[in-house]
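K.L.:
I'd like to ask some things about the structure below.
The values are calculated or read from the model by the stated rules, or taken from the named source; none is laboratory data. Only a predicted model underlies this, so the values are computations on that prediction, with no experimental measurement involved. Here the Cβ is made from the backbone with ideal geometry for all residues, glycine too, and neighbour counts use every protein chain on show. Note: areas computed on protein heavy atoms with side chains; ligands, DNA, RNA excluded. Shrake-Rupley method; radii C 1.70, N 1.55, O 1.52, S 1.80 Å.
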Amino acid sequence: MDNTEELQTVISFCSGYGGIERGLDLAGVNHRVLAFVEIESFAIQNLVSKMESGLLDPAPIYTNLKTFPAHIFRGAVDIITSGYPCQPFSQAGKREGEEDPRHLFPYIKRHIDAIRPIRCFFENVTGHITMGLPTVISDLEELGYRATWGIFSAAETGAHHERKRVFIMANANSN
């Protein structure tokens, strides 16, 4: 009997340093990132350095989430991941929500609709609970996903600091 787990394909939006994808590795999810989308040059340099050193498999890096050609990935992606910007929701900021120019979830929603992945997995700050999270959950449900969320701390994974974060998991409804 073949127990080999099928390779999951991933698109990473607002990739940062690839932390969510590293988490997939640590969770034993056999995956391949088809593309990263990141605008910050230092984070891009970090991703490229990891690819060059063999810590990440090579994948294209797109630099603009707003113009990302999602349509070319339709039907080819199992998981969309994102640590979309927290500044619109953070207690440490102005909490401008949808009025903040860094509010990128509407673009991610559009890309989810174009790509139609099996699953979405997102991370954000706890301030998102009282600003924006209900809309994200509703948007995902409108697109045909069962969405749930929870708060987890870095300490729960063995880190030496608390750093609580909201994680959102959305699975496509079966037809």
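K.L.:
State the number of residues belonging to the range 1-27 that are under 25 Å from ALA159 (Cα atoms), open to solvent by less than 80 Å² (accessible area, probe 1.4 Å) and in contact (Cβ under 8 Å) with a residue 12 or more places away in the chain.
P.N.:
10
K.L.:
Among the residues of the range 155-163, is there at least one that is part of a strand (DSSP E or B) and either closer than 20 Å to TYR84 by Cβ or open to solvent by 50 Å² or more (accessible area, probe 1.4 Å) (or both)?
P.N.:
The answer is no, given that none of the residues of the range 155-163 is part of a strand (DSSP E or B) and either closer than 20 Å to TYR84 by Cβ or open to solvent by 50 Å² or more (accessible area, probe 1.4 Å) (or both).
K.L.:
Among the numbered criteria (1) over 17 Å from ALA27 (Cβ atoms); (2) part of a helix (DSSP H, G or I), which single criterion is violated by ILE151?
P.N.:
(2)
K.L.:
Restricting the range 107-154 to residues that are β-branched (Val, Ile, Thr) and within 15 Å of the chain's Cα centre (by Cα), which is nearest to SER82 (Cα to Cα)?
P.N.:
ILE108
K.L.:
Still on this structure: Those residues that are open to solvent by 10 Å² or more (accessible area, probe 1.4 Å), modelled with pLDDT of 95 or more and assigned to a loop (DSSP other than H, G, I, E, B), I need them from the range 117-146; list them, please.
P.N.:
Matches in the range 117-146: ILE118, LEU143, GLY144.
Every residue, every condition in (1) within 14 Å of ILE79 (Cβ to Cβ); (2) in a helix (DSSP H, G or I); (3) within 17 Å of the chain's Cα centre (by Cα); (4) at pLDDT 95 or above, yes or no:
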residue: ASN3; (1), (2), (3), (4): no, no, no, no
residue: GLU6; (1), (2), (3), (4): yes, no, no, no
residue: TYR17; (1), (2), (3), (4): no, no, yes, no
residue: ILE20; (1), (2), (3), (4): yes, yes, yes, no
residue: ARG32; (1), (2), (3), (4): yes, no, yes, yes
residue: PHE36; (1), (2), (3), (4): yes, no, yes, yes
residue: ILE44; (1), (2), (3), (4): no, yes, yes, yes
residue: LEU47; (1), (2), (3), (4): no, yes, yes, yes
residue: LYS50; (1), (2), (3), (4): no, yes, no, yes
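K.L.:
Are any residues in the range 59-75 at pLDDT 95 or above, assigned to a loop (DSSP other than H, G, I, E, B) and open to solvent by less than 90 Å² (accessible area, probe 1.4 Å), and if so, which ones?
P.N.:
ALA59, PRO60, THR63, ASN64, PHE68, PRO69
K.L.:
If only one of ASP100, ASP78 is at pLDDT 95 or above, crowded, with 17+ Cβ neighbours inside 10 Å, over 12 Å from ALA170 (Cβ atoms) and not small (Gly, Ala, Ser), which one is it?
P.N.:
Checking each option against the conditions leaves just ASP78.
K.L.:
Condition first: assigned to a helix (DSSP H, G or I) and in contact with a Gly (Cβ under 8 Å, 6 or more places away or on another chain). Now tell me which residues in the range 98-114 satisfy that.
P.N.:
Of everything in the range 98-114, those that are assigned to a helix (DSSP H, G or I) and in contact with a Gly (Cβ under 8 Å, 6 or more places away or on another chain) turn out to be GLU98, PHE105.
K.L.:
Would you be able to tell me the number of residues in the range 41-58 that are open to solvent by 70 Å² or more (accessible area, probe 1.4 Å) and in contact (Cβ under 8 Å) with a residue 12 or more places away in the chain?
P.N.:
Total satisfying the criteria: 1.
K.L.:
Another question about this same structure. Could you look through the range 164-175, keep only residues that are over 18 Å from GLU21 (Cα atoms) and at pLDDT 90 or above, and pick out the one that is least open to solvent (accessible area, probe 1.4 Å)?
P.N.:
ALA172
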